[in-house]
Amino acid sequence: MDTPSTEIEKREELESVVIRFAGDSGDGMQITGTQFSTATALMGNDLSTFPDFPAEIRAPAGTTYGVSGFQIHFASHDIKTPGDEPDVLVAMNPAALKVNLPALKKGGLLIVNSGAFSSANLEKAGYDKDPLTDGSLEGYRLLVIDITKLTLDAVKPFKLGAKDAGRCKNMWTLGLMYWLYGRDRQPSIDFLRAKFAKRPELAEANIAALNAGHIYGDTADLPTDITPARVPRAELAPGKYRTIDGNQALAWGFAAAAQLSKIPFFYGSYPITPASTLLHHLAKLKHFGVTTFQAEDEIAAIASAIGASFGGALGITGTSGPGVALKGEAIGLAIMTELPLVIVDVQRGGPSTGLPTKTEQSDLFQAVWGRNGDAPLPVIAPATPGECFDFAILATRIAIKYMTPVILLTDGFIANSAEPWRIPDASKLEPIEVKYHTDPEGFSPFKRDPETLARVWAKPGTPGLEHRIGGIEKDSNSGHISYDPANHHKMTLTRAQKVQNVRQILPPATLEQGESQGDVLVIGWGSTYGAISQAVEQLRKRGRRVSHLHLRHIWPLPAGLKELCGRFDQVVVPELNNGQLARLLRAELLVDAQSFPKIAGQPFKIREIVEEIENRLAQKEVSR
Amino acid sequence: MSAHVPLTRKDFASDQEVRWCPGCGDYAILAAVQRVLPEVVEKRENTVFVSGIGCSSRFPYYMNTYGFHTIHGRAPAIATGLKLANPELDVWVITGDGDGLSIGGNHFLHVLRRNVDLQILLFNNQIYGLTKGQYSPTSVVGKVTPSTPFGSVDAPVIPAQVALGAAARFVARGFDVSKELPEVLRRAHQHRGASFVEILQNCPVFNDGAFVQITDRKEGPAHQLWLEHGKPMRFGVNNEKGIRLNPKTLAAEVVTIGEDGVTEDDILVHDETNRTMAWLLSSLPGVVALGVLYCDPAPSYDSAVVAQNELAKNKLGEPSIDALLNSGETWTVQ
């Protein structure tokens, strides 16, 4: 049974803990991590996770490039990042130790599965000597357990094959971690029974391993510096919560938008990391009026979505950077024909294939400017997994209201990270108005709403509105092909102005944190939100005059941004690319935005941003 | 526009001046389509022409229906999304040998294997017209063009064979000026699923006379084999020739009735549901098979998608955003 709550009450109380689970990509570390997250969420902690896995599905066992990791940060207070450095590292084999040890906090708890430390595995990981015995792990609180053997003992009664039996060791480890932090095992037991409903012996064996790990914690004679702890509930705003990752939130947002707009939705996509799960989620939501289509390639994916939009549905396509590159010409077609469309770009490390499973924010230029011709479109970027829900709805609203393709930028970190999310009240979601044009009187496909400049949406099947659209420039009045110089000039400016008009429904530049003037304004966008927010908080606690602004609308930029920047001595832009937003701000606003780039395939650490700002403040002090 | 008033050819002609070169085969194809549509279309507003890029792809501008002149090669993919968004629409794809088989080859393959209910008309003139005369994937070996001044060394594809290889369920062939073209188009429209029609089309500017062997008023008919389901495959000025299967080589060969002991009984009878026969007919020595080479309907992709969407609705019930957001593990903070 789980540790009695009276026992847990007596434990040492910790405010926050960062654990990293690391093992072979076939070791089930992602499941271990997500299970620990669910149990932790149900305990009422705030949490943030960061799955970090290789592109190879099952890389050769024991190699460093096959190491899969899952980091979770949970706390009794509000947290926004998966944590800078793990307090606890669980290493299931030598390769996992080798790759992850540098990240572990000095004096941190290191749990190692000695059962995987064979000479062959040590060699594969590049160890000359066994780190468990050569003294190199001094300075950490080391707990060496033969998890492999203990797991095999625990599952023996179920007479599994060697492979299936061995694979239960992640659940053994999970059981131990549940004991260490006083988590409830029941949700994982329910999960295992559901997952292995067709093979109950596997379910029971995994549960036995989970229980054995837990009992081990309770009964084994552990070193005195390893004691179980408790992390009290966090003070979260009242409401009902769940955990959600970015791609799931996007899918649910689009399903909600389909209901809010009462028109058919069409999602055309070609599988690509890290966007594929968006297709998986939406494929289950057909009853919301979403047709999903796995196209033959990236171009067909967007082309089919454009065809659907022409037909009166909302076309959506989702991909990552390489896919957006392939879709460029078709995005131009949607801009030229002024059809509503949403393009989701779940960014990953680039260029080319780049770092498929790692996060980056380097598609900003591509999103804003990456097409032939003068081809502007709105670009928006949610800051957290939970915001993806609202931004799917916002993207839909902009696309339909302004008859334009919209790019929604997220990244691998937002897509895969889970956080507690306060479930919104669906009845409070604002309907999305759709007006199909039906009146043949004075009809032209480029008849515009004078306020928004959106053209009419006249879908095939409407009598009397038969017309032709296409990628060739059209006359602003008749909608016929036009090579007239003045007309092209006018149409180009009209398309640009229409996109600028999206500001009509977006809020002006607003600070997240801090006063509206000071020494440093930190401007971020997208998934760097958590790290910047907490860095600025720390700096402000030290009395630094630093403020944080997070751009959620990249194009058009929010009103009032230039004025706000002007009230700070320095403008610093931390971003996971080589200075793209900083350049955009310099070009658009003529402000001296300074880039703080990180291009490592990894999110920012809070510490890195704090140090950067402190250095800049100190330099300024010296130069005075 | 009331649906009760019968539509005429004029109803399908847009007010746009047709801008193909004088003598272009596209004029005849446009006329054939405009002639057939009033006979097969009930509601003009439900008719949509989708095209890619190239001379042929200007087609939608000349039709007074809905039209979408898209980007190079992508018309089949755009038409697929359109058809899935509204399966009631009657969607025609207009493409050419470059648009459909070169830059758009991938979409051509997949739209056919999926069997989306569309009519796909491929105008094959064996040349790139709009870019001024380079060779195309159907140009003959040795073709001298601006990009192949010493003659093309590329082996050409046979569109009907590509279509059959892509598991198309309807494959037909016609040529621009033939009086039978409207009937071929009628059959294509009648077929549920992807209907592929290759239309041999003369480009008088860059590839004049490419199909003169069959289009010549005098000599042409002797090289045309018009197919009729259930009828022996005979042709020739005096209907004296026919197609016979050589059982040793499994090839179709041209024979003359009365010569070398060939009788009428030796002549193959056309069975349009027979894929193997369609393959043999796709490329014959000295004669071109025309009409419906293959027609063997199967459920269309769009109908299967609609059925699956309905099934999901029946199984999963009324959609509720609230229920979705609250599904799975949740907890309450007081």
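The values are calculated or read from the model by the stated rules, or taken from the named source; none is laboratory data. Predicted model, so just to flag it, every value in this text is computed and none were measured. Cβ: placed from backbone, ideal geometry, glycine included. Neighbour counts: every protein chain shown. In case anyone asks, the SASA skips ligands and DNA or RNA and just uses the protein heavy atoms, side chains included. Shrake-Rupley method; radii C 1.70, N 1.55, O 1.52, S 1.80 Å.
Over what distance in Å are the Cα centres of segment B:177-206 and segment A:43-94 separated?
Measuring centre to centre over Cα atoms gives 60 Å.
Accessible area per residue, 1.4 Å probe, Å², for segment A:5-230: what's the number? Each step should come with its number before you reach the end.
Working: 9330 Å² over 226 residues.
About 41 Å² of surface per residue is accessible.
Could you estimate the translational diffusion coefficient of chain A from the Stokes-Einstein equation, with Rh from the Kirkwood formula over C-alpha pairs, at 4 °C and 1.567 mPa s, in whole µm²/s? Intermediate values should be presented prior to the final figure.
Working: Rh = 26.3 Å.
In µm²/s, the coefficient rounds to 49.
Counting Lys and Arg as +1 and Asp and Glu as -1, what is the net charge of the other residues whose Cβ lies under 14 Å from the Cβ of residue A:460? The partial results should precede the final answer.
Working: positive: A:459, A:468, B:43, B:44, B:83; negative: A:466, B:45, B:88, B:90.
Net local charge, residue A:460 excluded: +1.
Using the crude model of +1 on Lys and Arg Cβ and -1 on Asp and Glu Cβ, and no other charge, please compute the dipole size for segment A:511-623 relative to its Cα centre, in debye to 20.
Approximately 120 debye in magnitude.
With every protein chain left in place, what is the accessible area per residue of segment A:511-623 in square angstrom, probe 1.4 Å? Intermediate values should be presented prior to the final figure.
Numbers: 4540 Å² over 113 residues.
Accessible surface, normalised per residue, equals 40 Å².
Looking at segment A:511-623, what % of its DSSP beta bridges pair antiparallel, to the nearest 5?
On the way: 2 of 17 bridges.
Restricted to segment A:511-623, the bridges split so that about 10 percent are antiparallel.
If you count the DSSP beta bridges with both ends in segment A:5-230, what percent of them are antiparallel, to the nearest 5?
Details: 16 of 31 bridges.
Taking every DSSP beta bridge within segment A:5-230, about 50 percent pair in antiparallel fashion.
Going 7 Å from the Cα of residue B:271 along its beta-carbon direction, which residues of segment B:293-334 have the amide nitrogen within less than 20 Å of the resulting point?
B:293-298, by backbone N distance to the label point.
Estimate the FRET efficiency between residue B:18 and residue A:600 by the formula 1/(1 + (r/R0)^6), using the beta-carbon distance for r and 56 Å for R0, to the nearest 0.05. Don't skip to the end; give the middle numbers.
Values: r = 59 Å, r/R0 = 1.05.
The value I calculate is 0.45.
Would you tell me the accessible area of residue A:43, worked out with a 1.4 angstrom probe on the heavy atoms of the protein chains, in Å² to the nearest 10?
60
Could you pull out the pairs from A:198/B:315; A:10/A:98; A:10/A:80; A:156/A:198; B:10/B:83 whose alpha carbons sit more than 31 Å apart here? Each step should come with its number before you reach the end.
On the way: A:198/B:315 22 Å; A:10/A:98 35 Å; A:10/A:80 28 Å; A:156/A:198 20 Å; B:10/B:83 26 Å.
Too far apart for the 31 Å limit: A:10/A:98.
Can you pull out the buried accessible area for chains B and A, both sides counted, probe 1.4 Å, rounded to the nearest 100 Å²?
On the way: alone 17420 and 26060 Å², together 38130 Å².
Interface between B and A: roughly 5300 Å².
Counting other Cβ atoms within 10 Å, keep those with at most 13, restrict to DSSP loop, and tell me which trypsin sites (Lys or Arg not before Pro) in segment A:553-584 are left.
Taking segment A:553-584 and a limit of 13 other Cβ atoms within 10 Å, the loop trypsin sites (Lys or Arg not before Pro) found are A:567.
In segment B:171-201, which trypsin sites (Lys or Arg not before Pro) fall in coil by DSSP and have 13 or fewer other Cβ atoms within 10 Å? Mind showing how you got there, number by number?
Numbers: sites: B:173, B:179, B:186, B:187, B:192; in loops: B:179, B:192.
Within segment B:171-201, the qualifying trypsin sites (Lys or Arg not before Pro) (loop, at most 13 other Cβ atoms within 10 Å) are B:179.
How big is the gap, in Å, between the Cα center of segment B:141-172 and the Cα center of segment A:481-538?
Cα centroid of segment B:141-172 versus Cα centroid of segment A:481-538: 50 Å apart.
Report the extension gain between residue A:620 and residue A:129 in nm, rounded to one decimal, defined as 0.36 nm multiplied by the number of residues separating them, less their alpha carbon distance.
Details: separation 491, 0.36 × 491 = 176.76 nm, distance 4.83 nm.
Taking 0.36 nm per residue and subtracting the Cα distance, the gain is 171.9 nm.
Expressed as an acute angle from 0 to 90° and rounded to the nearest 10, what is the orientation of the C-alpha long axis of helix A:485-500 relative to the principal long axis of chain A?
Once rounded, one gets 40 degrees.
With unit charges on the beta carbons (Lys and Arg positive, Asp and Glu negative) and the dipole taken about the Cα centre of the protein assembly as shown, which residue among B:247, A:61, B:223 sits farthest to the positive side?
The residue sitting farthest along the positive end of the dipole is B:223.
Could you pull the accessible area for residue B:263 with a 1.4 Å probe, rounded to 10 Å²?
Looks like 70 Å² after rounding.
Summing +1 for each Lys or Arg and -1 for each Asp or Glu, what net charge is found among the other residues whose Cβ lies under 11 Å from the Cβ of residue B:130?
Details: positive: B:58, B:132; negative: B:99.
Surrounding charge for residue B:130 is +1.
Tell me, what % of the accessible area of the protein assembly as shown is carbon and sulfur with a 1.4 angstrom probe? Write out the running numbers ahead of the final one.
Values: 19900 of 38130 Å².
The computed percentage sits at 52.
Taking chain A as the reference, fit the longest principal axis to its C-alpha atoms, fit the long axis of helix A:29-42 to the helix C-alpha atoms, and give the angle between the two in degrees, 0 to 90, nearest 10.
Roughly 90 degrees, rounded to the nearest 10.
For residue A:355, which sequence-distant residues (separation of 5 or more, or a different chain) have an amide H within less than 5 Å of its own amide H, given hydrogens modelled in the peptide plane?
A:349, A:350
Is there a quick way to get the dipole size of chain B? I mean about its Cα centre, with the Cβ of Lys and Arg at +1 and of Asp and Glu at -1; what is the value in debye to the nearest 20? Could the numbers behind the result be given before it?
Numbers: 29 positive and 36 negative charges, 77 e Å.
Approximately 360 debye in magnitude.
Please list the non-local residues whose amide H lies under 5 Å from the amide H of residue B:118, H modeled 1.01 Å from N, same-chain partners needing a gap of 5 or more.
So residue B:118 has HN proximity to B:193, B:194, B:195.
Evaluate the relative contact order of segment A:5-230 (contact order divided by residue number), counting alpha-carbon pairs under 8 angstrom at least 6 apart; express in whole percent. Write out the running numbers ahead of the final one.
Values: 425 pairs, mean separation 46.9, N = 226.
It comes to 21 percent, rounded to a whole number.
In degrees from 0 to 90, rounded to the nearest 10, what is the angle of the helix A:169-181 Cα long axis to the longest principal axis of chain A?
The answer is roughly 90 degrees.
Please state the charge dipole magnitude for the protein assembly as shown, taken about the Cα centre, from unit charges on C-beta atoms (+1 on K and R, -1 on D and E), reported in debye and rounded to the nearest 20.
Numbers: 94 positive and 106 negative charges, 120 e Å.
In total the dipole reaches around 580 debye.
Share of antiparallel DSSP beta bridges in segment A:239-505, in percent to the nearest 5? Before the final figure, lay out each step's value.
On the way: 8 of 33 bridges.
Expressed as a percentage, antiparallel bridges in segment A:239-505 total about 25.
Using a 1.4 Å probe, how large is the accessible area of residue B:272, given in Å² and rounded to the nearest 10?
20
Restricting attention to segment A:370-466, which GluC sites (Glu not before Pro) occupy a DSSP loop and are surrounded by at most 16 other Cβ atoms within 10 Å?
Details: sites: A:387, A:433, A:441, A:451, A:466; in loops: A:433, A:441, A:451, A:466.
Here the GluC sites (Glu not before Pro) that fit, given the DSSP loop and packing criteria, are A:433, A:441, A:451.
If one computes the Cα centroid of segment B:22-71 and of segment A:225-285, what distance in Å separates the two points?
Cα centroid to Cα centroid, the span is 44 Å.
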